[in-house]
Amino acid sequence: MADIRNIVILTGAGISAESGIDTFRDAGGLWERHRVEDVATPEGFVRDPELVLNFYDMRRGALAKVEPNAAHEALARLDRQWPGELLIVTQNVDDLHERAGAKRVLHMHGELKSALCTSCETRSRWDGPMRDRPACPACDAPSLRPDVVWFGEMPYEMDRIYAALREADLFVSIGTSGAVYPAAGFVRDARELGVRTLELNLERSEGSHWFDESRQGLAGELVPQWVEEILL
Ligand code: BJW
């Protein structure tokens, strides 16, 4: 590991599963109980805003009942102690990386605790519900939507992510099925750039064969083990 200086870590729903947050595509996951087209597309929001606002109000409210787990804690420790560049790119809209203490975190699919105004496009910190159509803190219009990235929308800060990948020596993917692009393509982007790649996931994912190494198990066990190894 002595030759590794810069690290990009991609996290997905699997890292928060042991905290009690549902994943999307596992048995019993969110997409078994809610139609993606209804709750995670701009068209679904236009069709039935109340359904979508309720879905995200429910998930925002559930955040108060969960805590970061050993995997979030281990990444926060890595963030504190790693002397090189480090970027935790999370697809998750929860705030568990931050609550564990990680600072170098980028939410490529947005955040539950953020509101996006469809009138003035301002992003505002948001803790409460949205179903009662509160006013935008910036322009006062009752036009807030969840500040999350739905299918067909552009994820946040792609330039910064690709810049970090270009400078990286190691790319680590944790708890993601590799079913959703562009995140699912990062492993191939990394390989083309000559970056070493490691997957930590409960089971082999759709893109496991692209990784130099793939370890299977619970994030709460695999991530602390890997952090111990890399900090040695
Ligand atoms: C554990 C564990 C434990 C469980 N320990 N592991 C055809 C081909 C290619 C692309 C497309 C295509 N048609 C359309 C597209 C584009 C589309 C896409 O990818 N579609 C696919 C369905 C094919 N993508 C988009 O539209 C994106 N935008 C876009 O592409 O813009 C254009 C662009 C072009 C070029 C460059 C850049 C941009 C936007 C995607 C937005 C995704 N949004 C969501 C909802 C966000 C808000 C919300 O949370 O509600 O993001 S969908 C959902 O999936 C959410 C997640 O972030 C994302 C990924 O899911 P994730 O995290 O991988 O969860 P799961 O459940 O799938 O997997 C969990 C894994 O954990 C499993 O493997 C378990 O085994 C494991 N696990 N417990 C360790 N304890």
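Where a number appears in this text, it was derived from the coordinates with a stated rule and is not lab data. Quick caveat: nothing in here was measured; it's all calculated off a predicted structure. Quick reminder, even Gly has a Cβ in these numbers, built from the backbone with ideal geometry, and neighbours come from all protein chains shown.
Across the chain, the fraction of Cα-Cα pairs farther apart than 27 Å, rounded to a whole number, is 33%. Taking the Cα centre of the range 154-232 as reference, the dipole from Cβ charges on Lys and Arg (+1) and Asp and Glu (-1) amounts to some 160 debye. Normalised by residue count, the range 182-232 yields a Cα convex hull volume of 84 Å³ per residue. Working note: 222 nm ellipticity from helices only, DSSP H runs with n ≥ 4, each -39,500 (n - 2.57), summed and divided by the residues of the chain, gives -9000 deg cm²/dmol to the nearest 500. Based on a Kirkwood Rh over C-alpha pairs, give the Stokes-Einstein translational diffusion coefficient of the range 14-89 at 37 °C and viscosity 0.692 mPa s in µm²/s. Approximately 223 µm²/s, per Stokes-Einstein. Comparing 214, 102, 114 along the charge dipole axis of the chain, the residue lying farthest to the positive side is 114, per the Cβ-charge model. If each Cα of the range 88-165 is one equal point scatterer, what is log10 of I(q)/I(0) from the Debye formula at q = 0.19 Å⁻¹? Computed log10 I(q)/I(0) values: -0.85. The fraction of Cα-Cα pairs per 10 angstrom bin, counted from 0 for the range 36-153, comes to 13, 40, 30, 14, 2 percent, rounded to whole percents. Between the helical axis of 219-231 and the longest alpha-carbon principal axis of the chain there is an angle of about 50 degrees. Projecting the Cα positions of 144, 163, 232 onto the charge dipole of the chain (unit charges on Cβ atoms of Lys, Arg, Asp and Glu, taken about the Cα centre) puts 144 furthest along the positive direction. The distance linking the range 44-114 with the range 146-216 is 17 Å (Cα centroid to Cα centroid, whole angstrom).
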